[in-house]
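For reference, the structure is listed below as structure tokens.
Coordinate-derived values only; no laboratory data. Everything numeric in this text was worked out from a predicted model, so none of it was measured. Note that we place each Cβ from the backbone using ideal geometry, even for glycine, and neighbour counts take in every protein chain shown.
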Amino acid sequence: MQIKVDCPQCGGDIFFDEELEMVRCEYCDSTNLISGKSGVPLFMLPPRWTEAECCHRLSILLGSKKSLRMNKDQLKLVYAPYWRTKGMVFHWALGKRHSVSEKTGARSWDDAKELKTRNFDFSFPAYREPDLGLDTLGIRTAALPLQLFHHSRLSGTEIVLPAEVSLQEAIEHSNGFLTFGFSDRSLKVELEDTQLVGEVYSIVYFPFWLLEVVARDKSGLLIIDGVANRIKRTIWEQDLSSFIESQSSDISTTDFGTLNLVPCTCPVCGWDLPFTPESKNHICTTCTRAWAEKNGSYTEMDYQLIAVQSDCEHAIRYMPFWNLKAQIHTPKGVLKTQTDLRKLLPAIKARQDGKMGSDSIQFLIPAFKIKDIKSISKLATVFCLRPPEQRVRAKERLEKEKFEGVYLAREEAEDMAQVVLISMVPKYHRRARKLLKDARLKSSSIQLVYYPFYRKGLYLREANSNHSIQHGTVVLSSD
Ligand SMILES: [Zn+2]
Ligand SMILES: [Zn+2]
């Protein structure tokens, strides 16, 4: 989905993908952070036809239909709001799988553990009335750039339907579709967990043309999809004036949560921050501070750098992880330490560093961008089962270091840790399965930590552990 904004330096049009955090203006070359994405952004799709084009085309179309006449000049543009939910779905199912032996015909139930994933992109009406004949935006949002919805983009003669479905209702409605199509009759599920990670909710105002039409014995409103230019349906016994009266729409009361561009420079030393378009956090390699942007201003954040053994000759790239300390609440009590968790999940390696407080339950969640959803869970699981050495290096001389962007927001790390927790449950382990069935993870602290990786053949490898991920599944911000 593409979004269009104006450059604050030169006024030029900047088009960018909705997932970006940072943009460069192709006219004046300035770099800016996109601020204001944390709320519910409002977007619009402009109609493809102008009013005159619409009138002209419809009169040709209806000219061939003797039964329907258009009521000249009774045409109106209506913007109807749709909720749009985007994110990654992780669905774990553990239980027994039914199988029939091909040779003997014997039936059996075997332990099974399966992860299903999908990229979730779901839209549905945020208005309740009337039925405009379009239940979802489908792939329409991919075909045209979305613009920020703002009253300055409207002429004042349009009707804007109010968004009556609340965010809470939208969340609940979306959640009902996360596992759509995942059901599997031959699997008897004993433990199930679904997480929507990295979710973003936005509202997209979609254009419809409404045209008064007259048939032999009745009249009504013809509804036309303003992007696909297709007739959706006819609402009989309704005309434009009664339609307008029935809508109490008033866009002047709409809260336009809007995107702003903020210069991409370190607020302390003034140097440019590295251009990592998809990153939510930014390290100033000049003064070594890390920044997070919120509501147009920067906040400094804590981070750690893991040292590389001195004999490592490879070119290092620092990859971000969220280091989350957590407790696991189960119906039978709280698991507080790594030792508690190891009793249940013996695959977790005991830590040998013996540091104070190092026995708390720890999750290491990759925060960089990984294209393949299953690889995210795989890498996170390996890091949690066998955490690499965590000798910290001093934050000095970072000018030449490469830092990969933080793609997974801090708030998302806990959802992902839940996915990893289930991932660590062995499929044959009944007791673990039972205990973790209604378990909830509660994080007590979370910190950004960068691990040193280097490229080896098809893989990116962590320098102190050899944990690796296929190079092709990682989206690197620079080479
Ligand atoms: Zn510019
Ligand atoms: Zn700085």
The chain, relative contact order [Cα under 8 Å, separation at least 6], %: 18
With charges set only on the Cβ (+1 for Lys and Arg, -1 for Asp and Glu), what does the dipole of the chain come to about its Cα centre, in debye to the nearest 20? 2320
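Among 416-422, 435-441, how do they line up by average Cβ neighbours within 10 Å per residue, starting with the highest?
Values: 416-422: 24.1, 435-441: 17.7.
Ranked by mean Cβ neighbours within 10 Å, highest first: 416-422, 435-441.
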Take the Cα of K218, step 7 Å along the line toward its Cβ, and report every residue of the stretch 118-154 whose backbone nitrogen sits under 20 Å from that point. 129-134
Assuming 0.36 nm per residue, please report the length gained on full extension of the stretch S166 to K400 beyond their Cα-Cα distance. 79.5 nm
Per DSSP, the loop-located trypsin sites (Lys or Arg not before Pro) within the stretch 36-88 having at most 15 other beta carbons within 10 Å are R48, K65, K66
With Rg and the Kirkwood Rh both taken from Cα atoms, where does Rg over Rh land for the stretch 191-343? 1.21
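Could you compute Rg(Cα) / (2.2 N^0.38 Å) for the stretch 301-440, with N its residue count? Intermediate values should be presented prior to the final figure.
Working: Rg = 16.4 Å, N = 140, 2.2 N^0.38 = 14.4 Å.
With N residues counted in the stretch 301-440, Rg over 2.2 N^0.38 Å equals 1.14.
With runs of 4+ DSSP H residues as the only contributors, calculate the mean residue ellipticity of the chain at 222 nm using -39,500 (n - 2.57) per run, divided by the residue total and rounded to the nearest 500. Numbers along the way, then the final one.
On the way: 8 runs with 70 residues, N = 479.
Dividing the helical sum by the residues of the chain leaves -4000 deg cm²/dmol.
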Using DSSP to define loop residues, name the GluC sites (Glu not before Pro) in the stretch 390-479 whose beta-carbon has at most 10 other beta-carbon atoms within 10 Å. E396, E399
Cα-projected label distance for D184 with S465, points at 7 Å along beta-carbon direction, nm: 2.7
Using distinct alpha-carbon pairs, which all enter the 1/r mean, Kirkwood radius of the stretch 1-156 in Å: 20.8
DSSP bridge orientation in the chain - percent antiparallel, rounded to nearest 5: 90
Applying a 4.7 angstrom Cβ cut-off across the chain, unpaired cysteine residues come out as C54, C55, C264, C312, C384
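Return the tail of the calculated pair distribution for the stretch 419-468, meaning the percent of Cα-Cα pairs more than 15 Å apart. Mind showing how you got there, number by number?
Values: 801 of 1225 pairs.
When every Cα pair of the stretch 419-468 is considered, 65 percent fall beyond 15 Å.
For L476 and E129, what is the calculated FRET efficiency with R₀ set at 41 Å and r taken between the beta-carbons, to the nearest 0.05?
Once rounded, the FRET efficiency stands at 0.30.
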So what are the three principal axis dimensions of the stretch 296-349 from its Cα atoms, in whole Å, longest to shortest? 46, 42, 12
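Mind listing which GluC sites (Glu not before Pro) in the stretch 87-189 are in a DSSP loop and have 10 or fewer other Cβ atoms within 10 Å?
Working: sites: E102, E114, E158, E164, E169, E172; in loops: E102, E158, E164.
Counting only loop positions with at most 10 other Cβ atoms within 10 Å, the GluC sites (Glu not before Pro) in the stretch 87-189 are E102.
Once the Cα gyration tensor of the stretch 34-91 is found, what semi-axes does its equivalent ellipsoid get, as square roots of 5 times the eigenvalues, in whole Å, sorted largest first? Each step should come with its number before you reach the end.
Details: eigenvalues 296, 49, 18 Å².
That gives 38, 16, 10 Å for the three semi-axes.
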Which FRET efficiency value, to the nearest 0.05, is calculated for R153 and D73 with the Förster distance at 25 angstrom and r the Cβ-Cβ distance? 0.55
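How big is the stretch 86-210 by the Kirkwood estimate over distinct Cα pairs, in Å?
Values: mean 1/r = 0.0551 Å⁻¹.
After inverting the pairwise mean of 1/r, the radius is 18.1 Å.
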Of S241, W92, A80, which is farthest towards the positive pole of the chain's charge dipole, taken about the Cα centre with +1 and -1 on the beta-carbons of Lys, Arg and Asp, Glu respectively? W92
Farthest positive-ward along the chain dipole, Cα basis, beta-carbon charges - from A394, P267, I159: A394
At q = 0.06, 0.09, 0.11, 0.12 Å⁻¹, what is the log10 ratio I(q)/I(0) for the chain, with the Debye formula run over Cα points and no solvent? -0.37, -0.76, -1.01, -1.12
Quick one: compute the contact order of the stretch 302-473, relative version, from alpha carbon pairs under 8 angstrom and 6+ residues apart, as a percent. 40
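Relative contact order, percent, of the stretch 51-253 when contacts are C-alpha pairs under 8 Å separated by at least 6 residues?
Details: 354 pairs, mean separation 63.1, N = 203.
Reported as a whole number, the value is 31 percent.
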